[in-house]
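Novice: What follows is a single structure, and I will ask about it in a moment.
The values are calculated or read from the model by the stated rules, or taken from the named source; none is laboratory data. Small disclaimer: the values here were computed from a predicted structure and weren't measured. Here the Cβ positions follow ideal geometry from the backbone for every residue, glycine too, while neighbour counts run over all protein chains shown. Side chains included, ligands, DNA and RNA excluded: accessible areas come from the protein's heavy atoms. Shrake-Rupley method; radii C 1.70, N 1.55, O 1.52, S 1.80 Å.
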Amino acid sequence: MYSKPLVLIIIMVVLAGLVAPFIYARIGKGASGPPTLAAPPGGEKECVEPTAYMRRHHVDVLMKWRDAVVREGRLTYVASNGRQYVMSLTTTCIGCHSNKADFCDRCHDYVRVQPRCWECHTFPEKGGAAR
Amino acid sequence: MTRREFLRLLALSGFSLVAPADLLIGSDGTGRKAPKRWAMVVDIFACAKKEGCTECIEACHRVHNVPDMPDAARRIKWIWTSPYHALFPEQPAYMEAFKGRRITALCNHCEDPPCVPVCPTKATFRRDDGIVMMDYHRCIGCRYCMAACPYGARSFNWQDPRPFIHAIDKGYPTRAKGVVEKCSFCDERLARGLLPACVDACKGACLVFGDLNDERSQVVRLLRSRPAIQRKPELGTRPKVFYLLA
């Protein structure tokens, strides 16, 4: 092998480049793992459905609410525990989760989704930065 | 059981299944109350007296965040005014009386709305109470409905409307670029037991709103007692906005 040191250096550099993202993810700022979300500023403890369900299915809940309100003209949601809520993103959801930047956005940014709710819906004035 | 008995029994049981729904007149057979059938009556003589009045338009466009587009070709309107001859081209009888006057127009919420069957995503649909509604979430902006509507009641958002809304009303969403919009007979206000914003705002009592299925409603009484016309009735869309004459 002619330029042995050079070849070795190149192999090292390529390997380092391949491994770097994984090391960076372990130790650096981009630590993996889901982000921690801020609790509602108002101190509410209970969402419309259990937290685990909401974490996974909040989109389904919103879609169901949307169809019920817009297409069927129904406004009241009866939760699995029997409690009733007004089906509204801007008053019911944001009524508690008014900290959009520390709640909605933090997770949506993490998973790289860009919901288009706020292109039309207007974010309530108090609390939370509308964007 | 003889064959004859069996057939007799079969016929009777069949009748009992069909009969109740057919015999009940004026109900959908489910025991629910007959649905509402919302309609609007426009008193054009009273309206024409208040020349230049835009109370209804301003109220509607304010509460629904309807943008004020500087370019007329991109104008967005839910309720507007047009000359008599433009609204009623085939009904010349009153042409002279209304010469130069503008008359209020809005979505007719047709009983047989041409905009509904053409919508490829079912974003436009007809509710049980006769309101022709839009689900803006579903609208893909193909504008078939605009081509189908013979009344020009629909507008398209060629650009983001938000910069053109003077003051965004936080109680109602705006629309996005690429979406068609129109009057919804204020479904959001009806749900809260309120009258449509335009009817509420009209100080001249030129707009009357009510339920055509309710014998005692003011719209039924007005339509029974005074002659009225609809826009382009020959198309068979059966509009539910009526214009009182005399």
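Novice: Over chain A, calculate the relative contact order: mean separation of alpha carbon pairs under 8 Å at least 6 apart, over the residue count, as a percent.
Specialist: Reported relative contact order: 23 percent.
Novice: Additional query: If ligands, DNA and RNA are left out, what is the accessible area of A:Met63 with a 1.4 Å probe, given in Å² to the nearest 10?
Specialist: Ignoring ligands and nucleic acids, A:Met63 comes out at about 90 Å².
Novice: Moving to a separate point now. Lys/Arg Cβ at +1, Asp/Glu Cβ at -1, dipole of chain B taken about the Cα centre: which of B:Leu106, B:Tyr94, B:Leu223 is farthest positive-ward?
Specialist: B:Leu106
Novice: Hey, can you grab everything whose amide H is under 5 Å from the amide H of B:Trp78? Only 5+ residues off in sequence or another chain; H modelled, so Pro and N-termini drop out.
Specialist: Residues meeting the criterion, in which the H sits 1.01 Å from N, do not exist here.
Novice: Distance cut-off 29 Å, Cα to Cα: go down the list B:Lys49/B:Lys232; A:Lys100/B:Lys77; B:Lys99/B:Lys182; B:Lys36/B:Lys177 and report the pairs above it. Can you show the working numbers first?
Specialist: Working: B:Lys49/B:Lys232 24 Å; A:Lys100/B:Lys77 32 Å; B:Lys99/B:Lys182 27 Å; B:Lys36/B:Lys177 33 Å.
In this structure, A:Lys100/B:Lys77; B:Lys36/B:Lys177 lie more than 29 Å apart at Cα.
Novice: Given the convex hull over the Cα atoms of the stretch B:174-246, what projected area results after averaging over all orientations, in nm²?
Specialist: Over every viewing direction, the Cα hull of the stretch B:174-246 projects on average to 7.1 nm².
Novice: Distance from a point 7 Å along Cα→Cβ of B:Arg101 to each backbone N in the stretch B:218-237: keep the residues under 14 Å and list them by number.
Specialist: B:229
Novice: Here is a further query. Helix-only estimate, please: 222 nm mean residue ellipticity of the protein assembly as shown, summing -39500 (n - 2.57) across DSSP H runs of length 4 or more and dividing by its residues, to the nearest 500.
Specialist: -9000 deg cm²/dmol
Novice: Give me the base-10 log of I(q)/I(0) for the protein assembly as shown at each q in 0.14 Å⁻¹, Debye formula, one uniform scatterer per Cα, rounded to two decimals.
Specialist: For the protein assembly as shown, the Cα-only Debye profile gives -1.26.
Novice: With the convex hull built on the Cα atoms of the stretch B:3-244, state its orientation-averaged projected area in nm².
Specialist: Taking the Cα atoms of the stretch B:3-244, their convex hull projects to 17.4 nm² on average.
Novice: Relative to the longest principal Cα axis of chain A, at what angle does helix A:4-27 sit, 0 to 90 degrees, rounded to 10?
Specialist: 20
Novice: With all protein chains present, calculate the accessible area of A:Lys4 using a 1.4 Å probe and round the result to the nearest 10 Å².
Specialist: Approximately 120 Å² of A:Lys4 is accessible to the 1.4 Å probe.
Novice: At a Förster distance of 30 Å, what's the computed FRET efficiency of A:Tyr24 paired with A:Arg55, Cβ-Cβ distance as r, to 0.05?
Specialist: Approximately 0.65, to the nearest 0.05.
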